[in-house]
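We did not get these values from a lab; they are worked out from the coordinates using the rules stated. As the structure is a computational prediction, the values presented were derived from the model and not from experiment. So basically every Cβ, Gly included, is an ideal-geometry build from the backbone, and we count neighbours across all protein chains shown.
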Amino acid sequence: MLEGPDLVAAALEARAEVEALYVDRERWGESPTADLVAEAAARGVAVYGLEPEVLRLAAQSTTPQPVLATARFVPAALTDARFDGLVVVLHDVQDPGNAGTVIRSAEAAGACAVILSGHSVDPYNPKTLRATTGAIFRLPVILADVDEVLARLRRDHVPTWATVVHGGQDLLAADLRGAAAIVIGNEAAGLDASLVERCDGRLTIPMAAGESLNAGVAASLIAFVARWQSQGRIPLDAPPSLEKHD
């Protein structure tokens, strides 16, 4: 289920397989709802007008939305993916907001894919979908077993970096240019020691204080550092400077 005009518009723009559109009868003619109705109808998508109370009961968000849609999702296949840039692997990441933030940030940073493994949240959870702000329609999102993921990355000679709170290589000293994979663990427990050992390296974000960063924040920060390195905007082992990142 896609909730809200922005997410529905992103789905239609990406030519996703939208099955039906459900619209608040009282707001049918308002913008942007009217535009979505016209576009959906032009594509042969069934459009239904519902009473506001019915629409509210169907929605899962706390803020009533004037439009909902249902869409069919087909996850990208691990066997078909091209890993020629940054790959973000989420293992046992269970918070919908974190997962959605990572997908959104990964697209913005130019990553080539996000992979969810283990007991990670369903990326098509309504809360996760909202947090992606539509990025999930434009970036390959793969569901796969972590053993298969590591084997595929190793076969393609993609270095894997396990994120750890302490003891890893400083983020700015790690070479994340070109193909590279970062593995982000569970919000509370992090990555299992055995999984860390199976990665090629360990990556740590230096912090002034605190125990750890939110999984979504950590993945986003690393993804943008990888982008800036690839662009040559920050050399390896450079001191952090916000001026370089404007």
Quiz item: Under a 5 Å amide H to amide H cut-off, with H placed in plane at 1.01 Å, what residues pair with ALA71 once short-range neighbours are removed?
Solution: LEU2, GLU19
Quiz item: Of ALA162, ALA81, ALA109, which is the most mobile in a GNM of the chain whose springs link Cα atoms less than 10 angstrom apart?
Solution: ALA81
Practice problem: Please find the FRET efficiency linking ALA34 to ASP80, where r is the Cβ-Cβ separation and R0 is fixed at 41 Å, and quote it to the nearest 0.05. | Solution: 0.60
Practice problem: Return the loop-located chymotrypsin sites (Phe, Trp or Tyr not before Pro) in segment 79-160 (DSSP other than H, G, I, E, B) with at most 12 other Cβ atoms within 10 Å of their own Cβ; answer none if there are none. | Solution: none
Practice problem: Would you kindly derive the ³J(HN,Hα) couplings of segment 64-75 from the backbone phi angles with the Karplus curve 6.51 cos²θ - 1.76 cosθ + 1.60 (θ = phi - 60°), listing them in order in whole Hz, with x for Gly and Pro? | Solution: x, 10, x, 8, 10, 8, 10, 9, 8, 10, 10, x
Quiz item: What is the gain in length, in nm to one decimal, between ALA108 and ARG25 on full extension, counting 0.36 nm per residue of separation less the C-alpha to C-alpha distance?
Solution: 26.3 nm
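What Kirkwood radius, in Å to one decimal, follows from the Cα pairs of segment 78-245?
Details: mean 1/r = 0.0637 Å⁻¹.
That comes to 15.7 Å for segment 78-245.
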Exercise. Loop only per DSSP, at most 16 neighbouring Cβ atoms within 10 Å: give me the trypsin sites (Lys or Arg not before Pro) in segment 114-150, ordered by residue number.
Key: ARG138
